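The next block holds one structure in the form of C-alpha cells; read it before the comments.
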Amino acid sequence: MKKEEKAYIRKLYMEIRQAERKLRLTPMPELTSEDFFLFRTTGNRLVYENAYFGRRKYLTVYAILALWSSELAKHGLADENTDETDYIRSLEEILLNICREEFWALPAHIDFEKIDLAETRLTIDLFAAETAQALSEIVLRLSSRLSAHVTECVVREVSRRVLLPFAASWAPYSWWENDRCNWSAVCAGSIGMTVINMERLNKKYHEKYKGKNDLGQLPEHWQENCLKRVCDALQCYLDGMESDGACTEGLGYYNYGMSFYAAFAEEYEQEYPSRKERLMYRDKCGQIVLFQQKCYFGGGVSISFSDGSPRESFLPGLTAYLKHCYPQVRTPDYSLARPFDEDACYRYLTNERNISWLMKYADNDETDSRQETAGGLTAYLLPAAQWLICQNQNGNGFAAKGGHNDENHNHNDIGHFLCVYNGEMLLADLGAGEYTKDYFSDKRYDILCNRSAGHSVPLVNGREQCAGKEYCADRFSWNEDENELTISFAGAYEKGSLNGLVRRIKMYDSCVEVKNKKAPKGKLGMQLELTDTFVKSGHTDSITENIITGVKPVMQDGAVLIKGTHGSCRITSEDISDSTARIIPCNHQNHAGAVQTVWQIRWDCSMEKADEVTCKMWITFYDNEIVSQYPHNYAQYPQKDA
C-alpha cells in the first residue's frame, strides 16, 4: 500500500472518530410527518432529507468504527487500544431506530396519491435499497457481537420492506428496474447484495432466523430469480453508458452508480465463483472504468456537464477496485480524494469500501502515482457522448459537448463549453441545481442551470434551445492536427429558425501561438479562438452570443475581463464594445440550496450579411501574479487569503 493510501485511510478514520465525538453528545434527528409531507405541499426536499441523512450519518459512523477500529489499529492506521464495545452498544440503538422508521424511501420518490396503500409505504427507492444493503451487511459482519434481538429485527425489517416486495413482484418492480441510469445500478445492486447477505446469514446460523421474517411466503428459488433480475437491471445500467464509456449524467453519478455496480459484482463473484458471468468484464466495462480519469483538469476542477459538480472528489476505494480489475485505470491525485463529510448522504457502502477496498486492492507499488503529461495538448474525444476534453501539460484547457437535449439529468446545452485556467473554471458550467419538486417536473427548464440561457450557447431570435431528443447536434468532430473542434447544432433550436450553425473552437497552447490582437499584461497561458457561423433562414431576425461565468466580469478597453484568483481571461470580438456588451447578474440556486450570483455576458451579432453571420471571439487566458508562487500542477490551489 502506498503512503498516500495509508495517509488517506488514517485521515478518513480520524474524520469518522471526530464525527463520533460530536454525535455522542446529540440525539439522532427525528423524522416528522410534517417534514415528510413538506415536499408534497412546497416541493422542498432538504428539510426532511437533512434529518434523514443525519440519521444515516449515525449508522455509518458507528458501523465503521465497530467494524474497523481494531483491524486498522493492527496495521498502524488507527489509534491503539480502541474499545469497540461502546460502538457496538450505540450501533444497536441506531439499528433499532432505523428499523422503526415509517418510510425508508424519501418523500420525493413516493407516490402521494397512493400514500395510504401499504405498498406505497414500502416503496423501494435508492435509499430504501441502500438502507437494506447497509443493515444486512452490518448484521452479517457483526452478528456474533450484536444481540439476537437486534439482528432478528433487522432481518425482519429488511425482508418486509425490500426483499419481499421485490421478490413477490413481476418484473419490472418499478421503472428503475429497466431504466438506463444510476437508479438501476444502485437499487438493483443493493437488492442483490441484500439477497446474498441474507443467504449468508441463513447459512451461518442455519435455523436460527427461520420464521423471523416473511420470506417463507416466497417460492423456494426466490433468491435465484431475484439475482437474475438484478443482473438484468445492471445490464440496463451499462446500456445507459455510452459506447465510449462516458456517463452523461455526470461524474458524481458515475461514482454513485459504479460503486453499487462494482460492489455487487464483487459479492456475486465471491458467492458464486463457478459461474461464468463476470459482471466487471461485460461489454463496455473496459471503457467505462477509464471515464473518471478523463474528467479532471488542473487544480482539481472536474467536468460538471449535466447535473455534475465542478469540484467532484473521487472515491479511493472504488478506484482501487476498478484498477484491480483493469490495471490501466489511473488514480487521481489524493488531494482530490473524498473526505467523510463531503457526502451529504453519508452512505455506508461508499465510506466502508473506501477502507475495505483500499485495504484489499491498494497498489503495492511504492512509485509515485502522479501522471506526468507529455508536452503539447492531451485531448479525449468521446464520440458517442459527443464530449471533448482538451488540456495542456499544466491542466489548463476546455471541454465542450454536443449530444441531444433529452439525456439523463438533461440540460439544454448543445454546443456548450467550459474553460479552466490555473485551477479555476473561469467560463462556467453551473452543474446541478437544488433538487426540488420543480427540478424534476415540466418546470425543469424554467431553472437557470438547466436551460440554455444558463450555458455558453447563442440565442436565436431571442429564444433558447428546445428540450427533446430530436433537438441535437448533427456533427461533432475533432481535428487533432489543428487542435480544432467542430460542432454543428442548428438542430438544437426551434425548427426553421436557422438553416445552419457551426461552432469551431481552436486551442492555442503557448504564448508563441497566441493570435490575440490585444495581448494583456502578464504571462500568456493559452487562447481559444471560437468561431460561430450561422446560416440564416427566412425566419432569422437576431442572433445573440451568451457566455456564462461565475466570476464577476467587467468591460475594459472594449473587451470583457474576467479576473479570477489565480488567472484571468479576456474576451474580444469585433461585435463587442463597451456599449454593445451586456453583463447580466443572475441567481443560481446551487445543489446545496445556496444562492450564488453568476453572470451572463451577451452581445448581438451583426446581421448585415444577407445569408450568413459569423461571430469570432478570442478568449485569452493569462496568469495573475499570485500564481507564480505555486506550481501549475499543484492539485488544489490555496484560497486567496491562504
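Here are a few things to note about the model shown:
- Of the residues screened, residue 368 is not one that is of a type in the set (Asp, Glu), modelled with pLDDT under 90 and under 30 Å from residue 137 (Cα atoms).
- Once segment 565-580 is narrowed to residues that are part of a loop (DSSP other than H, G, I, E, B) and either open to solvent by 50 Å² or more (accessible area, probe 1.4 Å) or touching a Gly at 6+ places or on another chain (Cβ under 9 Å) (or both), the residue that is modelled with the highest pLDDT is 565.
- Contact map, segment 444-470: first residue over 20 Å from residue 533 (Cα atoms), second residue acidic (Asp, Glu), Cβ cut-off under 6 Å, separation 6 or more or different chains; pairs are 451/464; 468/406; 469/406.
- In the condition set (1) touching a residue at least 60 places away in the same chain (Cβ under 8 Å); (2) open to solvent by 10 Å² or more (accessible area, probe 1.4 Å), residue 482 is compliant with all but (1).
- Residue satisfying condition, being in contact (Cβ under 8 Å) with a residue 40 or more places away in the chain and open to solvent by 10 Å² or more (accessible area, probe 1.4 Å), within set 415, 496: 496
- Just one of the listed residues (82, 60) is of a type in the set (S, T, N, Q) and part of a loop (DSSP other than H, G, I, E, B), and it is 82.
- Single unsatisfied condition, residue 410 versus (1) under 26 Å from residue 106 (Cα atoms); (2) open to solvent by 10 Å² or more (accessible area, probe 1.4 Å); (3) out of contact with any helix residue (DSSP H, G or I) (no Cβ under 7 Å at 6 or more places or on another chain): (2)
- For residue 37: the one exception among (1) open to solvent by less than 50 Å² (accessible area, probe 1.4 Å); (2) over 26 Å from the mean Cα position of the chain (by Cα): (1)
- Some residue of segment 384-403 being in a loop (DSSP other than H, G, I, E, B), open to solvent by less than 10 Å² (accessible area, probe 1.4 Å) and of a type in the set (D, E, K, R): no
- Sole exception among (1) in contact with a strand residue (DSSP E or B) (Cβ under 9 Å, 6 or more places away or on another chain); (2) free of Cβ contacts under 8 Å to residues at least 24 places away in the same chain for residue 270, by number: (1)
- The residue that is nearest to the chain's Cα centre (by Cα), among those in segment 445-466 that are open to solvent by less than 40 Å² (accessible area, probe 1.4 Å) and β-branched (Val, Ile, Thr), is 457.
- The residues listed here are 552, 469; of these, the one that is at pLDDT 95 or above, open to solvent by 50 Å² or more (accessible area, probe 1.4 Å) and over 17 Å from residue 402 (Cα atoms) is 552.
- Positions within segment 126-178 being crowded, with 19+ Cβ neighbours inside 10 Å and of a type in the set (D, E, K, R), in sequence order: 130, 137, 157, 161, 177
- From the options 166, 103, residue that is within 28 Å of the chain's Cα centre (by Cα) and farther than 27 Å from residue 262 by Cβ: 103
- Test: residue 57 is open to solvent by 10 Å² or more (accessible area, probe 1.4 Å), basic (Lys, Arg) and within 30 Å of residue 319 (Cβ to Cβ): yes
- Odd one out for residue 409, checked against (1) within 15 Å of residue 505 (Cβ to Cβ); (2) at pLDDT 95 or above: (1)
- In segment 585-642, residue surrounded by the most Cβ atoms within 10 Å (Cβ to Cβ) [restricted to those that are at pLDDT below 90 and among the β-branched types (Val, Ile, Thr)]: 627
The values are calculated or read from the model by the stated rules, or taken from the named source; none is laboratory data. Bear in mind that the values here come from a model prediction, so they are computed numbers and not experimental data. In this analysis, Cβ positions are derived from the backbone assuming ideal geometry, glycine residues included, and neighbour counts consider all displayed protein chains. Heavy atoms of the whole protein, side chains included, go into the accessibility calculation; ligands, DNA and RNA do not. Shrake-Rupley method; radii C 1.70, N 1.55, O 1.52, S 1.80 Å.
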